Amino acid sequence: MNKGALTADTVIWGRGTYQLMHGYWPSVPSNPSASQYERNHAEWIDKTAKIVFSTTLDKVEWNNSRLVKEDVEEEIKNLKQQPGKDMVILGSPRIAHHLMQLDLIDEYKITVSPVLIGSGLPLFQGLKEKVNLKLIENKTFDSGAIGLVYQSVR
């Protein structure tokens, strides 16, 4: 399991990412070709609180999942006041963009992978003001990927 997952006890997703993750991770434990890493991650994600922001879903059915249909800003502010570990956005670029615009992200953990795909959503989009970041950690992985951790400087 990755280090970021160990520091988080809540995952934040939008509808699309939730549906993709729910379609994959619950089946991993019964998949004989799944790696130990995948099995560990599947166990962690099943136990972890999952907050799904969507105005179009009627319900979420995955273990420890909760649907939030409105007032994203208030929900995140309330969650940040609760005891526990970190919250992490895994995927969900639209919800990440929205939370960036609301200045509700304290730390950015970015992995740069040595793969060019040529499409997708930009990482940073719709920011109204410059956001200063301070690099607090970096690591190069055997795969050639680079992990970067930045804190928001307010």
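Details
- At 1.306 mPa s and 10 °C, Stokes D of the stretch 1-65 from Kirkwood alpha-carbon radius, µm² per second: 128 µm²/s
- Across the stretch 4-143, the convex hull enclosing all Cα atoms gives 150 Å³ per residue.
- When only alpha carbons of the stretch 72-120 are considered, Rg and Dmax amount to 13.2, 40 Å.
- Checked against a 31 Å cut-off, the cross-linked pairs K69/K109; K59/K134; K59/K139; K85/K128; K47/K128 give Cα-Cα distances beyond that limit for K59/K134; K59/K139; K47/K128.
- Accessible surface, the chain, averaged per residue in Å² (probe 1.4 Å): 66 Å²
- Surface share of carbon and sulfur [accessible, 1.4 angstrom probe, percent] for the chain: 52 percent
- With DNA, RNA and ligands ignored, accessible area of T111 (1.4 Å probe; Å², nearest 10): 90 Å²
The values are calculated or read from the model by the stated rules, or taken from the named source; none is laboratory data. Keep in mind that what you see is a predicted model, and the values were worked out from it rather than measured. The area values use the complete protein model at the heavy-atom level, side chains included, leaving out ligands, DNA and RNA. Shrake-Rupley method; radii C 1.70, N 1.55, O 1.52, S 1.80 Å.
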